[in-house]
Structure formats: C-alpha cells, structure tokens
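Data block below; observations after.
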Amino acid sequence: MANVTLRNVRKTYPGGFEAIKGVNVDVGDGQFCVLVGPSGCGKSTLLRMVAGLETVTGGEIDIGGRIVNQIEPADRDIAMVFQNYALYPHMSVFNNMAYGLRNRGMKEAEVKSRVDEAARVLELTSMLERKPRQLSGGQRQRVAMGRAIVRQPKVFLFDEPLSNLDAKLRIAMRVEIRKLQRRLNTTSIYVTHDQLEAMTLADVLVVMNGGQVEQVGNPLAIYEKPATTFVASFIGAPPMNLMSIRADEIKSQLGSTNAGILGIRPEDFVITDQTPAGGVTLPLTVEAIERVGAETFVYGTRAQDEQRIAANPGELPPGEVIVRIPGSEAPPIGEKIRVAATRQKLHLFSGDGRTRIEA
Amino acid sequence: MVEEEGFRRYVAHIILWIGIAIVAFPVYIAFVASTQDNALIANGQMSLLPGGHFFEVYYQTIFVGTSGSTREPVGNMMLNSLVMALLIAVGKIAISIISAYAIVYFRFPFRMPIFWIIFITLMLPVEVRIYPTYKIVADLHMLDSYAGLSLPLIASATATLLFRQFFMTVPDELLEASRIDGAGPLRFFWDTLLPLSRTNMAALFVILFILGWNQYLWPLLITTRDDMQTIQVGIRKMITTTDALTEWPIVMATAVLAMLPPVFVVVVMQKLFVRGLVETEK
C-alpha cells in the first residue's frame with residue numbers, strides 16, 4: 001500500500017530529446033491511475049521511469065514515502081505487466097510466477113501457496129504446468145498478471161497490457177483488471193492510448209501530450225470540463241467538434257470576449273429549427289450517416305454562405321460537424337438540417353486552445 | 001509443401017536417388033575395400049562386394065595400426081581427435097556466448113571497437129596467422145598437447161556474431177521483467193538467456209564439432225609424437241609410404257571410422273539442429 005508521487009519529473013535522452021518535460025502527479029493509496037495520450041506523448045517512458053527501467057533526468061519519484069530515483073527496479077517493490085507479457089518462454093506457468101519470489105529467497109512452501117492462490121484467482125490452476133506458448137493470448141495475459149500479484153507489491157504498473165488482445169477479450173480483461181485491483185486495493189498506474197479504457201478504468205486520469213500533463217482528474221470531470229482543446233478532442237468518441245470563433249458578434253452572443261474556439265460534443269446537439277436561448281444553431285448539409293444500432297452518427301458540413309463559425313483545423317476536416325443522435329432514425333443524405341446546442345453544453349477555449357474559459 | 005502427382009513425383013525421386021548414389025557410392029567402396037585382402041586390392045582385383053576380412057582388418061586398425069607408416073593404433077587417434085573436437089566445440093560455444101552477452105547487454109567503454117576487432121578476426125583463419133600462432137604455442141610449451149591442439153582454434157568470431165544476432169532478437173522486455181523479478185546479470189544469463197539459446201547452441205555444436213574433427217593443417221604442424229596424432233593426419237600418413245605397399249584395407253577402415261563420430265553427432269542432434277536453424281518463436 002503506497003502513494004506514488006511524481007514531483008517535476010523530467011527525462012532528457014542523451015541526444016537532447018526531451019521526452020518528459022516536468023510532470024507532477026499524485027496517486028493516492030489504492031487508487032487506479034491511468035496515463036493516456038497519443039503515441040509518443042511520453043506516457044510509457046514515464047511509467048518505465050516509475051518502474052526504474054529508465055533513468056530520471058530531473059525531479060523526484062516517491063513511492064510510499066521513499067525517493068526511488070536511484071533504486072533498482074527489483075528493490076522498488078513494484079510489479080509490472082508488459083504489453084507483450086514478457087513471459088519466460090522456457091518456464092512453466094508456475095515457474096513464471098514463482099521466479100520473482102524465488103529470486104528473493106522466499107521459502108518454497110510460501111512460493112507454492114502464493115502461486116496457487118494467484119492461479120486460483122486468475123483461473124489458471126489447470127494450466128500451471130504448461131509453457132507460455134501453449135496458452136492463448138488471454139491466458140498469457142493472466143499469467144503476466146499473476147506474476148505481478150504473487151509478489152504483493154506496493155504498486156502495479158501496466159504498460160498497455162490489453163493492446164495485443166482482440167476487441168472482445170479486451171473488454172472482458174478490462175473488467176477483470178478493474179475487479180482485481182479493487183479487491184487487492186493496490187495502487188496502480190496503467191498506460192493506454194485507448195481513451196475508452198482510460199475512462200472506464202481510472203480513478204485518476206492523467207491526459208498527456210508532448211511530454212507534459214494536459215489535465216489530471218476524475219475521468220467524468222475531465223470529460224465534462226476538458227481543460228484544453230487537446231483533451232477535448234482526445235477524450236470522448238467521436239471527438240468533440242471544435243470550431244474557431246471568427247466574428248465578434250458571436251463572441252458577444254456567447255457572453256465571452258476572449259474565447260477563440262468553441263467546442264460542442266456530438267451528443268449535445270439536437271436537430272431542431274429553434275435556437276435555444278444563449279445557445280447556438282448550425283445549419284448543416286448531411287454528408288454521411290453511420291448507424292450503429294442504438295445510436296446514429298450524422299456527418300454534416302456547414303453551408304458556406306451561412307458559415308458564421310469558421311472551421312478549426314483540428315480533428316475534424318474543415319467545416320465538418322459530427323452529430324450523435326439516439327436510435328436509427330436519421331435525415332437522408334443531402335438534406336439541409338439545423339442542429340442546436342444549449343448554452344450549458346458549450347465549451348469555450350482561448351484562441352490557442354491551451355486554456356478553458358468558464359462563462 | 002506441394003504434393004506432386006504421378007510422373008513428376010517419380011522424376012523427383014529418380015533425381016534424388018541419383019544424388020544419393022553419387023554421394024554414397026565412394027563411401028560404399030571405402031567400406032568394401034576395408035574388408036578385403038590388401039594383395040587383392042594391390043592387384044586391382046577388388047570386388048564390389050564386401051570381402052571376408054572385416055573383423056581382422058578393423059581389429060588391426062583400431063588396436064594395432066599399420067605395420068609401417070604410422071605405428072599408432074587408430075583407436076588412439078580417434079580419441080585424440082575426439083578430445084580435440086569436443087574441446088574446440090565446447091570452448092568456442094562457451095567463449096563466444098559469454099562475449100556476445102557482454103557485447104549485447106552491457107555498456108562499457110570501447111564496446112563497439114571491441115566488437116569490430118572480433119569481427120575483423122573473421123578474416124584471419126588459422127591458415128593466415130599460422131606462423132605467429134605456432135610461435136606462441138611453441139613458446140608456451142603447448143606442442144604435442146590437447147591445449148595446443150584446441151586453444152588456438154577456440155576463439156570464434158562467427159559464433160560470437162551468431163549469438164549476438166540471436167540475443168538481439170530476444171525481446172528487451174524479458175530482461176526488464178527479469179530485473180523487476182530481482183534477477184541480476186548472471187541470473188538473467190543463466191536462467192533465461194542460456195535456456196533460450198539451447199537450440200542455437202546445439203546447432204552450433206554440430207557445426208563446430210565437425211569443424212574440429214576435420215582439422216588437418218594445425219594438428220599436422222604442432223603434433224610430432226605418434227601418440228598425439230589425430231585421425232585426419234593419420235590417414236594421410238598411412239597413404240604415403242616409401243618402401244612398402246600402402247595398406248589399403250587399413251586406410252579405408254580408418255576412413256570409415258573417421259566418418260562415424262560426425263555422423264553420430266548429426267544423427268543424435270538432428271532434431272535440435274534443425275530447430276536451431278529455423279526456430280523463430282521466442
């Protein structure tokens with residue numbers, strides 16, 4: 001049981017590339033912290049620094065009240081689950097889980113009882129004598145988890161552990177990891193690029209971009225109040241519609257004079273002709289429809305002559321707006337519609353997208 | 001593999017049989033000659049069927065040797081060759097796997113220069129550096145000894161490169177998992193890397209054993225005592241006789257005997273050997 005605190009952590013590679021540019025994160029005891037971000041944002045590097053597999057250039061990493069910057073991975077009291085599982089191919093499942101315990105000089109009887117217990121929890125009991133290559137992907141994943149939990153470490157570290165699994169298994173394992181972590185109540189740090197995984201697993205969500213933390217907080221709070229346009233477009237699928245606000249009268253209509261970018265989530269639109277008080281209406285031409293059963297995505301472009309809000313060269317192609325409506329009823333392609341969002345559903349950001357503006 | 005039908009399949013088989021005949025016939029002749037009477041062979045009247053002197057000839061070959069040229073039982077020569085080949089094969093594997101481990105997994109000053117120096121020695125086989133090597137071995141008083149026979153041949157750039165290539169395909173995560181599991185460098189080497197290299201080592205052993213067994217020039221140079229002769233050198237000496245008939249049955253029996261250990265090694269290790277060459281799963 002331990003807190004993990006990162007204080008102004010930096011990583012500069014010998015070539016001069018700055019992978020981590022000063023990160024401050026505080027993960028409370030027993031919390032599940034998820035680092036999420038696009039590839040190359042430094043999230044895996046940060047995790048490997050906590051594990052001790054990468055050196056720390058600056059700042060402090062504190063695990064359970066002890067600065068671990070100079071401590072070997074084996075002595076940090078952490079366990080890690082790797083993306084490709086990193087099981088020892090020549091050892092049986094039992095030995096894979098027992099290896100770390102035996103290296104620490106644990107008595108064989110204790111090793112056996114711990115491994116048996118982990119195998120029981122993870123439903124691996126019948127496979128203890130098999131080699132990793134005789135297991136399916138999901139089973140290997142569970143052995144990797146087992147190797148972590150037998151150690152009873154202070155902290156679990158997960159490096160994209162589900163990305164080698166197929167979609168269905170990924171969802172099942174996601175739930176299992178969450179249940180297991182709740183039961184063991186062990187502080188965990190989990191790296192993923194999948195925002196859905198991040199949203200569903202995290203107590204504390206850390207959104208990273210370009211070696212920096214964009215926002216830290218409760219996943220739903222981040223979803224409802226993204227701090228930057230990057231977070232707004234990264235969290236939530238399909239992404240938030242972002243439009244730069246051009247005309248001054250729009251700014252005054254929205255009650256904010258320094259806002260430069262307007263964001264509206266696809267699900268916050270309603271197809272209607274009426275403009276809600278303080279809200280906005282967009283005229284759209286329907287370009288494409290995606291029906292997924294319970295909901296439908298409408299891809300529209302704003303008509304040129306009516307364009308009062310210019311396009312933002314972000315996630316969406318210029319002028320394109322995604323609208324998410326419940327059910328499978330949708331307007332036909334080519335039809336001109338109007339969509340509206342109320343004032344409370346609007347997100348306003350400064351012109352550079354770095355700051356959120358509360359009206 | 002494509003299953004061929006009818007005619008084409010027979011053609012393939014015929015070609016294979018011709019190939020086998022070309023390879024096997026001389027071996028067969030050697031065996032036949034080793035069971036004949038020497039006078040018969042000397043007269044050019046050797047039959048194509050085995051003669052009746054099998055036990056007699058092989059007994060004399062293994063335990064007595066030729067009456068003139070070598071003065072040494074072939075059994076002893078085989079022992080010398082076996083010791084030399086084993087020392088070379090095992091020594092090469094041990095040294096090269098350790099140096100490859102150092103080069104791949106450790107960061108130390110002049111790591112790459114050292115690697116390149118090892119690499120360059122590929123261009124310097126024994127034949128090229130034979131004089132200095134001989135001088136060193138002679139100065140160290142290792143002539144006519146197993147150490148002298150094997151040590152100069154033990155360092156192997158090829159095997160080092162092979163293990164280096166193999167180690168580089170081992171995922172880094174295995175090393176990292178070992179570090180987190182509390183295994184130091186020696187434990188990682190012993191518990192993880194060596195077991196993973198098992199098939200590679202076996203494949204290499206087969207190749208290196210045969211290489212060592214077939215050494216000719218080096219043993220010829222540094223062994224002067226009859227009881228240190230290797231079998232390859234012995235065969236050559238048996239053929240060249242000055243004032244007597246070459247004892248062909250014994251020469252042929254020696255040749256047949258010389259073939260047996262490599263064949264034995266290949267047959268025993270074939271499975272591992274093939275796996276070592278084709279295996280990709282880590």
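The values are calculated or read from the model by the stated rules, or taken from the named source; none is laboratory data. This one's a predicted model, so the numbers in the text were calculated from it and none came from an experiment. Cβ atoms come from the backbone with ideal geometry, glycine included; neighbour counts cover every protein chain shown. Side chains included, ligands, DNA and RNA excluded: accessible areas come from the protein's heavy atoms. Shrake-Rupley method; radii C 1.70, N 1.55, O 1.52, S 1.80 Å.
Taking the residues in the range A:151-192 that are open to solvent by 20 Å² or more (accessible area, probe 1.4 Å) and of a type in the set (Val, Ile, Thr) as candidates, determine which candidate is farthest from A:Ser136 (Cα to Cα). So, considering only residues that are open to solvent by 20 Å² or more (accessible area, probe 1.4 Å) and of a type in the set (Val, Ile, Thr), the one farthest from A:Ser136 (Cα to Cα) is A:Val175.
It is to be established whether one or more residues within the range A:130-148 are surrounded by fewer than 17 Cβ atoms within 10 Å (Cβ to Cβ), away from chain B (no Cβ under 14 Å) and touching a Lys or Arg at 6+ places or on another chain (Cβ under 8 Å). Within the range A:130-148, not a single residue is surrounded by fewer than 17 Cβ atoms within 10 Å (Cβ to Cβ), away from chain B (no Cβ under 14 Å) and touching a Lys or Arg at 6+ places or on another chain (Cβ under 8 Å).
Give A:Ala119, A:Ala86 a once-over and let me know the one that is in a loop (DSSP other than H, G, I, E, B) and touching a Leu at 6+ places or on another chain (Cβ under 7 Å). Let's see the steps before the verdict.
Numbers: A:Ala119 fails: in a loop (DSSP other than H, G, I, E, B).
Only one candidate passes the filter, namely A:Ala86.
Out of all the residues in the range A:46-91, which are more than 14 Å from chain B (Cβ to nearest Cβ) and surrounded by fewer than 21 Cβ atoms within 10 Å (Cβ to Cβ)?
Residues of the range A:46-91 that are more than 14 Å from chain B (Cβ to nearest Cβ), as a first pass: A:46, A:56-62, A:64-67, A:69-70.
Within the range A:46-91, A:Val56, A:Thr57, A:Gly58, A:Gly59, A:Glu60, A:Asp62, A:Gly64, A:Gly65, A:Arg66, A:Ile67, A:Asn69, A:Gln70 meet the criteria.
Among the conditions (1) part of a helix (DSSP H, G or I); (2) more than 13 Å from chain A (Cβ to nearest Cβ); (3) without any contact (Cβ under 8 Å) to a residue 60 or more places away in the chain, the only one that B:Leu153 does not satisfy is (3).
Counting only residues that are out of contact with any Asp or Glu (no Cβ under 6 Å at 6 or more places or on another chain) and of a type in the set (S, T, N, Q), which one in the range B:187-202 is farthest from the other protein chains (Cβ to nearest Cβ)?
Going residue by residue through the range B:187-202, those that are out of contact with any Asp or Glu (no Cβ under 6 Å at 6 or more places or on another chain) are B:187-198, B:200-202.
Then drop every residue that is not of a type in the set (S, T, N, Q), which leaves B:192, B:197, B:200.
Details: B:Thr192: 6, B:Ser197: 10, B:Asn200: 13 Å.
Here the residue is B:Asn200.
Assess whether B:Leu260 counts as being in a helix (DSSP H, G or I), more than 14 Å from chain A (Cβ to nearest Cβ), over 13 Å from the mean Cα position of the chain (by Cα) and aliphatic (A, V, I, L, M). Against the criterion (in a helix (DSSP H, G or I), more than 14 Å from chain A (Cβ to nearest Cβ), over 13 Å from the mean Cα position of the chain (by Cα) and aliphatic (A, V, I, L, M)), B:Leu260 does not qualify. Residue count for the range B:193-240 under the criterion of being in a helix (DSSP H, G or I), open to solvent by less than 10 Å² (accessible area, probe 1.4 Å) and of a type in the set (Val, Ile, Thr): the result is 5.
Return the total of residues in the range B:137-190 being open to solvent by less than 20 Å² (accessible area, probe 1.4 Å) and in contact with a Pro (Cβ under 7 Å, 6 or more places away or on another chain). Total satisfying the criteria: 3. Within the range A:92-112, the residues that satisfy the criterion of being open to solvent by 20 Å² or more (accessible area, probe 1.4 Å), more than 8 Å from chain B (Cβ to nearest Cβ) and at negative phi are A:Phe94, A:Asn95, A:Arg102, A:Met106, A:Lys107, A:Glu108, A:Ala109, A:Glu110, A:Lys112. Close contacts from the range A:199-220, counting a first residue that is in a loop (DSSP other than H, G, I, E, B) and a second that is of a type in the set (Phe, Trp, Tyr) and buried (at least 18 other Cβ atoms within 10 Å of the Cβ), with Cβ to Cβ under 7 Å and a gap of 6+ residues or different chains, come to A:Ala202/A:Phe32; A:Asp203/A:Phe32.
Of all the criteria given as (1) outside any loop (DSSP other than H, G, I, E, B); (2) without any contact (Cβ under 8 Å) to a residue 60 or more places away in the chain; (3) among the small types (Gly, Ala, Ser), the one not satisfied by B:Gly182 is (1). Mind checking which residues of the range B:241-257 are under 16 Å from B:Asn43 (Cβ atoms), part of a helix (DSSP H, G or I) and open to solvent by less than 30 Å² (accessible area, probe 1.4 Å)? Matches in the range B:241-257: B:Pro249 only. Any chance the range A:24-43 includes a residue that's acidic (Asp, Glu), open to solvent by less than 70 Å² (accessible area, probe 1.4 Å), within 29 Å of A:Glu176 (Cα to Cα) and touching a residue at least 24 places away in the same chain (Cβ under 8 Å)? No; the residues of the range A:24-43 include none that is acidic (Asp, Glu), open to solvent by less than 70 Å² (accessible area, probe 1.4 Å), within 29 Å of A:Glu176 (Cα to Cα) and touching a residue at least 24 places away in the same chain (Cβ under 8 Å).
The single condition from (1) touching a helix residue (DSSP H, G or I) at 6+ places or on another chain (Cβ under 7 Å); (2) loosely packed, with under 14 Cβ neighbours inside 10 Å; (3) part of a strand (DSSP E or B) that A:Gly278 fails is (3). Scanning the range A:1-27 for residues that are under 18 Å from the mean Cα position of the chain (by Cα) and over 14 Å from A:Arg48 (Cβ atoms) yields A:Asn24, A:Val25, A:Asp26, A:Val27. Of everything listed in (1) surrounded by fewer than 20 Cβ atoms within 10 Å (Cβ to Cβ); (2) within 14 Å of another protein chain (Cβ to nearest Cβ); (3) among the hydrophobic types (A, V, I, L, M, F, W, C); (4) over 30 Å from the mean Cα position of the chain (by Cα), the single unmet condition for A:Val115 is (1).
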